[in-house]
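Q: Sharing a structure, written as C-alpha cells. Questions coming.
The values are calculated or read from the model by the stated rules, or taken from the named source; none is laboratory data. Nothing here was measured: the structure is a model prediction, and the numbers come from that model. Note that each Cβ is placed from the backbone with ideal geometry, even for glycine, and that neighbours are counted across all protein chains shown.
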C-alpha cells in the first residue's frame, strides 16, 4: 500500500494524529500528520510527516485520487500551522498556491523560532527564516512581500496570554519594528482564542473570530497589504459561556463589503460592514442547543495551550492508522 497520507488529510484530526503544540493568533497549533494545509478548492493537501529525529517529509496529497503526488525530504522537525479547535484549519499556503510556510515543530515555546518556505510547484526549499524569540505563523500577504507572525512575550514562562501581531518584510529580510494593532482603539489588548477564519477575495483581508472568556468575543480584521488591523467587538453577555461560539462560521459576501457571522447550520447571527466595521444583528435567535457542543472545543483549547510537545509517529504507523480509520487496511 502506497503511503496513504492522503487519508490523514481526510480523516485528520478525528483520528487524533494532528497534535497541538501551542495555540497561533494568540495560541496556535503546529502539527505533523493530520489534515495538513489544503488548497482553496480542497482538492490537494500538503502534509508534514515525521520521518525520524530531525527529519520531516512534506507530501502533496490528492484527495480525489487517494494518492501522494510527491514527497520532499526535509532536514529538521517541521510542521504545518493550524488554526481553531475541533475541525482544525491548516494555514501557511500563499494565495496563489505556490508557496507553503512550515514552522519549527518546537512551537512558540522555543527561544528561537524558525520558518521554512517551500515552493510547492518546483518542489524545493527556497528560504529559511530564524528569529530570536517566540513566534508562530499568522498570515501572508498575497504578493508575498510580508509575513505576519504572532509574538509571545512570556512564552518561556509557559504564558501564551500576552501576544502581539508583528510583520516581517520578506523583501528586506527583516522583522519590522512595532506591532500591528488597531490604531483607532489604542487601548485594545488582544486576548482570547482563535476559533475560525476566512479571507477576502485575492487574499488581502484576513478575518479571524476570537472567543474571549470573561470579556467580549471579537473579529480581528488584518489588512495584509497595508499592515493595519481592526478589532470588531461582537455583542455578548459577559456572564454567559462562550462555548457556543465554536459553532460559528465567517463568510465574506457582497463583493467583500459584508462579513457574515453565522452558525454552522446556516442561521445568521450578525453582519459586519467592512470599512465602517459597523455590526448589525441578523436576528435568527440564539441556538443554545449548541452550547454543549462547544464545550468539547473549549476543552481542546485548554489542552492545546498546555501541550508542549508534538505527538510523533513513524510514517509507517501513520499509514496503518489512516488505513484503519477509512477501512482501507
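Q: Quick check on my filter: what residues within region 97-142 are under 16 Å from residue 173 (Cβ atoms) and touching a residue at least 60 places away in the same chain (Cβ under 8 Å)?
A: Passing the criteria: 140, 141.
Q: So, one more: Residue check, residue 49 against (1) out of contact with any helix residue (DSSP H, G or I) (no Cβ under 9 Å at 6 or more places or on another chain); (2) crowded, with 21+ Cβ neighbours inside 10 Å; (3) over 26 Å from residue 248 (Cα atoms), all met but one. Which one?
A: Looking at each condition in turn, residue 49 falls short on (1).
Q: Moving on to the next point. Which members of region 262-278 meet the condition of being out of contact with any helix residue (DSSP H, G or I) (no Cβ under 7 Å at 6 or more places or on another chain) and surrounded by 17 or more Cβ atoms within 10 Å (Cβ to Cβ)?
A: Across region 262-278, the qualifying residues are 262, 269, 270, 271, 272.
Q: With respect to residue 127, is the statement that it is modelled with pLDDT of 95 or more, part of a strand (DSSP E or B) and either surrounded by fewer than 16 Cβ atoms within 10 Å (Cβ to Cβ) or in contact with a helix residue (DSSP H, G or I) (Cβ under 9 Å, 6 or more places away or on another chain) (or both) true?
A: Yes, satisfied.
Q: Do we find that residue 220 is free of Cβ contacts under 8 Å to residues at least 60 places away in the same chain and part of a strand (DSSP E or B) in this structure?
A: For residue 220, the condition - free of Cβ contacts under 8 Å to residues at least 60 places away in the same chain and part of a strand (DSSP E or B) - is not met.
Q: Follow-up. With 226, 240 as the choices, which residue is surrounded by fewer than 19 Cβ atoms within 10 Å (Cβ to Cβ) and either more than 21 Å from residue 91 (Cβ to Cβ) or modelled with pLDDT of 95 or more (or both)?
A: 240
Q: Regarding region 131-140, can at least one residue be identified that is surrounded by fewer than 15 Cβ atoms within 10 Å (Cβ to Cβ) and in a loop (DSSP other than H, G, I, E, B)?
A: Scanning region 131-140 turns up no residue that is surrounded by fewer than 15 Cβ atoms within 10 Å (Cβ to Cβ) and in a loop (DSSP other than H, G, I, E, B).
Q: Give 207, 163, 168 a once-over and let me know the one that is in a strand (DSSP E or B), buried (at least 17 other Cβ atoms within 10 Å of the Cβ), at pLDDT 85 or above and within 17 Å of the chain's Cα centre (by Cα).
A: One residue alone meets the criteria, 207.
Q: Residues in region 249-261: is at least one touching a helix residue (DSSP H, G or I) at 6+ places or on another chain (Cβ under 7 Å), part of a loop (DSSP other than H, G, I, E, B) and at pLDDT 90 or above?
A: For region 249-261, residues touching a helix residue (DSSP H, G or I) at 6+ places or on another chain (Cβ under 7 Å), part of a loop (DSSP other than H, G, I, E, B) and at pLDDT 90 or above: absent.
Q: List pairs: first residue in region 202-213 and within 27 Å of residue 238 (Cβ to Cβ), second residue assigned to a helix (DSSP H, G or I) anywhere in the structure, Cβ distance under 7 angstrom, at least six positions apart or on different chains.
A: 211/245
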